[in-house]
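Notes to accompany the following structure.
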Amino acid sequence: MLTKKQNQLLKFIHEHLSEHGVSPSFDEMKEALGLKSKSGIHRLITALEERGFIRRLAHRARALEVIKMPDSATPEGRPVAVPPRPHMVTSNPVADGLTRRAAPQIGAIMPAPTETVSLPLYGRIAAGTPIEALRDTTNFVDIPSGMLGRGEHYALEVSGDSMVDAGILDGDIAVVERCQRVENGTIVVALVENEEATLKRMFQRGGAIALEAENPAYETRIYRPEQVRVQGRLAAILRQY
């Protein structure tokens, strides 16, 4: 049994797919339902997905697939299955020069340049002295789909100036690919002693972990391996002017 808002959203997604061949954006869904925040849309989509009415296609922007419609949508009173619809576009993806990616294979399905993915914005990450990592699952940020690769991603707001020589400035949005193992020299989100998080370049040296800044004003910090846990690697930086 769906709530009124869930039913409205499912119907809107289905009609938008039928008319345009691509699922609506979060902004379009928010406007259609008269909601004030995208977090409300995210909760509705999650509820519809959990109930088996829609499916999110991995690693694609605006890729929602309607699997079935509610009982009331059919005269027989049964759910109706919806055939899958390919999400194909003709233009090449460009994320304002901020992305590095391999050339698409012939026949690959690629997102349009204006498409975005809504990622959870957990809080501020220190690019200086480590600060407590804030996990606010109610906030989201739209990221150009071309900035994302495979895997699960989330976003953090950069605080501080210790990574300026790597082109990472205070107030930037860091797009992070969730992982636990990285190569030496990778810029990572590191959780220090299970309570503080920082954005640094990480090296393993013998039996120690070094977290290095990209600013000569900051010293390299050395930890025991058990004091540091990798929370993800930096995938991209988003900046607004």
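So here's what we get for this one:
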read-out: Selection status of Arg233, surrounded by fewer than 19 Cβ atoms within 10 Å (Cβ to Cβ) and assigned by TED's automatic domain parsing to the domain that holds Leu121; value: no
read-out: Among residues of segment 202-241, those that are within 30 Å of Thr116 (Cβ to Cβ) and outside any strand (DSSP E or B), counted; value: 4
read-out: Members of segment 4-55 found to be of a type in the set (Val, Ile, Thr) and without any contact (Cβ under 8 Å) to a residue 40 or more places away in the chain, listed by number; value: Ile41, Ile45, Thr46
read-out: Scan of segment 195-218 for residues that are under 14 Å from Met163 (Cβ atoms) and acidic (Asp, Glu), ordered by number; value: Glu212, Glu214
read-out: Residue list for segment 13-38, filter: among the hydroxyl-bearing types (Ser, Thr, Tyr) and surrounded by fewer than 19 Cβ atoms within 10 Å (Cβ to Cβ); value: Ser18, Ser37
read-out: Condition broken by Asp165, with the remaining ones in (1) at pLDDT below 75; (2) farther than 13 Å from Thr198 by Cα; (3) of a type in the set (D, E, K, R) satisfied; value: (1)
read-out: Pairs with Cβ under 8 Å, 6+ apart, first in segment 181-198 and more than 16 Å from Glu226 (Cβ to Cβ), second polar (S, T, N, Q); value: Asn184/Gln204; Val188/Gln231; Val189/Thr198; Val189/Gln231; Ala197/Gln231; Thr198/Thr129
read-out: Count of residues meeting criterion [charged (D, E, K, R) and either touching an Asp or Glu at 6+ places or on another chain (Cβ under 9 Å) or touching a residue at least 40 places away in the same chain (Cβ under 8 Å) (or both)] in segment 199-211; value: 2
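The values are calculated or read from the model by the stated rules, or taken from the named source; none is laboratory data. Source: prediction; values computed, not measured. Glycine gets a Cβ as well: all are built from the backbone with ideal geometry, and neighbour counts include every protein chain shown.
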